[in-house]
Each structure stands twice: as structure tokens, then as C-alpha cells.
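The values are calculated or read from the model by the stated rules, or taken from the named source; none is laboratory data. For clarity, every value in this text was computed on a predicted model and none was experimentally measured. Because the Cβ atoms are built from the backbone with ideal geometry, glycine has one as well, and the counts that use them run over all protein chains shown.
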Amino acid sequence: MQASHILRKYDPVQWGGTETAVQRLIQGLQTHGISSVVHAPQNAGPDGIDPLRDAGAKIQRYRAFVPVLGISAAQRDALVSWGGNLFSFELFRQLRASRSQVIHSHALNRIAGISLMAARTLGVPHVITLHGGALDIPDEVNAQLTAPLKGGFEWGKALGALVRSRHVLQNTDAVFTCNPREAALLQEKYPRPRIIVQPHSVPAAQYAVDSRAAALKAYPQIANRDLIVKVARLDPAKNLPWLVRQLPAIKRRHPRAMLVLIGAGTTQSVVEELHREIARLGLSNDILLTGGLESGCAELIGLIQSARLFVLCSTAEPFGIVILEAWAAGSPVLSSRTSGPASLIEHGRTGLLYDLDQTADFHSGIDTLMMNNKLHRHLSSEALDHVRAEYDVPTVAARVARVYEELVEAKNLKGSKSQTHRQPVHFAAKLS
């Protein structure tokens, strides 16, 4: 079997959770006899670095554009990086010519509408994975995502209507979502598609290999420091300036503490804001900004293994694949109580949770993991057992492969008659 995976953005330099999840899914599907083709927009970044290709996928780049007039280049970059509603005529042509038995969109909106239209034209199943959520998104995060549209005219609404982008969730065959709350909201609003709670995965054995020496060699400044590590792209939803502002108070209680922020910047403005906050607080010697590190590299794993604790402070986190990485590396997790971490972490057994509006709880969690060695060992051990049993790459991919097979079998049995209530195929002619 072959599956086509659709991405709305793929720049290896701006690697993040979505790319990691897709990479591991591709690797896991291979163990079940499923090959993958990744369709992603053309990339202006450096050639040669392509982790998805290295994972065994064939990469097809398509031309895409942001259908908005009157915005600056910085606004356009922000839309492409985190939240832009792109459109592509070429993607439809690519998918219509593909030989895939399943089309799997890892995006929503117009890109998902195009991929669904192609699937209906080909008579193959269409599934969607919600990496950033659809209904379970805080208002402030929605505002951040749409902020780059300010002052512009979005002429692409007509294109969205053409591919019925507002109806993809109700018309797709299955929706994979990362947490039960999102699944419940989807099931209530869209009762027809198959809604599946499907976690992401981690190569547990790889994260168990002791890589601390590689991290120390690459970053000698971490020696004899108590590391608080966070892995995340530098974008607004990750709430990094808030975390930086907590560090002075942490250092008054724990002088050896160092904050390690691992991840590439999604836009220059976000990176500049973070650097300004670090400089304002005089923390340049106490914060290590590594930039983006290749997924699964020894330096990345070693930094997580060297952490006294792993922290998340996101305002929205539909899943939290980095939690799995911390667990597999043996680092205890302190996370904001957003929907993904709240469904993953059992408070007091596999990690600690806090509310962002209760700063005292965050600092209490820091103190506990810095000083309580018994609880530190307990959380690390319980989480490690849990991640190996439930979230290893082959285990998670097997569940996705079964869904693919069931959908293909159902499509073959029912034929085209079962899709008469779905999106009309005659719309495809308007894109050809």
C-alpha cells in the first residue's frame, strides 16, 4: 500500500512537532508494508537537508501561495510559518496523478479541501490528522494565528468555497486527533466521520542511548548546571517569554539553574522578542538558545537526558510529542495544563501539571523536581515504563495502518455508491 501525506509547510530548518510526528509515522508505516509520498510546498531553504526523505518517503514539492493582498513580507512569512491558509492548483494535479491508496492530510482549510477533492476524484479514502487542533483552541491562540492578516484583503475565500474547505472535517472519512477532549468536540459537531484518538510516537530505544557526552561536547556551558529544558519552535503559542520571565525567581532559589531552549524560530519577530526579553533581564549567561536541532540527533537527546526537569509552558498544546521524548530520555516533565498534556500526564505519577494563571504552582513544581530526589526518580521511572508500552513508533503506526486497511476495504466493498452524499466529484473539473 502507498499513502500520500499532505503538509501545508515543510522547511527542515523550522522543524517542529508536526514534522517529527509525520517522520515517525512514515518510519513506523514502513514496518507494516506501507510506503509514503510527502506532498509539501516548495521550500526556499537550503537544499540537501531532508529528514522526511531520509526516513524513506518520496518528496514531491508543489507551488502554493497565500491569497491575501495588502500585507507586508513579514506578515506573509508569519502566515506561511504558523497559520496561513494556503492554496495550490498544482497539489490537486499531483494527487490526481498519484497511485496512493490513501490520502492523508496533515493540514486543514484549503489544502485539506484540495486533498479531499483529489481523494474523491480517485475514489480512495481520505483522512486528516489534527496536529494543531480544530475546535479545542484557546481564543488567544486563534487571535495570534490570524494577527498577520491584519490590514490585508483575503481574496482566497472564493478558492476556499471552490474546494469546500469549511466542510472537510464533516466530509472526510476519518479524523485522527491527539487528545480525547478534541475528539469529543469533533464527535459532537461532526458525527459522520470516524473520529479516532491517535497519539504520536517516539523511538523509545533511540532515546534510551546515553548521549549526554555529545551534549556536553557541543555545549560545554551546561557543565555543573541544573538544566531546565524546553523543546519547541519559537512561536507565540509556546509562551517562551513568560518562561524567561520566571527564571530570575528560579535562580534566587536555585543558583545553578540554566534554561535550555531548543527550537528554531518561526519568524524573525518572534526570535527578536525573545532575545530582547533575555537581554532586558540580564540572563544571557543563564539561557542557552540552541536553535533548531535535527530530530533524534545525539545532541538533542543528550540535552534532554541531562535535564533536571523538562518544562512546557504552552498556552495551547493539542498533544505534546516532546513529552514523549522527555519520558523516553528519562527526564521528568512539568507542564502547563493544556488539553494535550492534561490527557497524557497523570499528575503525580508520570509528571506534574500546573495552571498558567497560578504562577506559584509552577514555581512549586520547579522546587519539587529540583529538590525531591525520591519523587524525581519515581516520575522518571513510571513515565519511562508508560512510554515504552504505549507510544513506541511501531506500536502507534500499527494502529494507523489498521485504519488505512479498514477504510480501503470499505471503499472497495461499497464502491462509488457509498460516496453519493459526499463532495460532488464534478468540482474537480474546475481545478484541472
Filtered residues of segment 310-331 (kept if part of a loop (DSSP other than H, G, I, E, B) and over 18 Å from the mean Cα position of the chain (by Cα)): GLY330, SER331
What about ALA184, is it over 20 Å from VAL396 (Cα atoms) and not charged (D, E, K, R)? yes
Selection from segment 1-42 of residues that are of a type outside the set (D, E, K, R), part of a loop (DSSP other than H, G, I, E, B) and more than 19 Å from ARG110 (Cα to Cα): MET1, TRP15, GLY16, THR31, HIS32, GLY33, ILE34
Within segment 293-309, does at least one residue satisfy the condition of being touching a Lys or Arg at 6+ places or on another chain (Cβ under 7 Å) and outside any helix (DSSP H, G or I)? no
If you go through ILE128, ILE103, ILE137, the only one that is in the same structural domain as PHE65 (by TED's automatic domain parsing), out of contact with any strand residue (DSSP E or B) (no Cβ under 8 Å at 6 or more places or on another chain) and β-branched (Val, Ile, Thr) is ILE137
For the condition touching a strand residue (DSSP E or B) at 6+ places or on another chain (Cβ under 9 Å) and outside any loop (DSSP other than H, G, I, E, B), what is the one hit in ALA74, ALA119? ALA119
Quick test for you: out of GLU294, GLU317, pick the one residue that is in contact with a Gly (Cβ under 7 Å, 6 or more places away or on another chain) and of a type in the set (D, E, K, R). GLU317
Report the residue count in segment 280-298 for those that are farther than 13 Å from VAL322 by Cβ and crowded, with 18+ Cβ neighbours inside 10 Å. 6
If LEU149 satisfies every condition in (1) at positive phi; (2) surrounded by 16 or more Cβ atoms within 10 Å (Cβ to Cβ); (3) at pLDDT below 90 but one, which is the exception? (1)
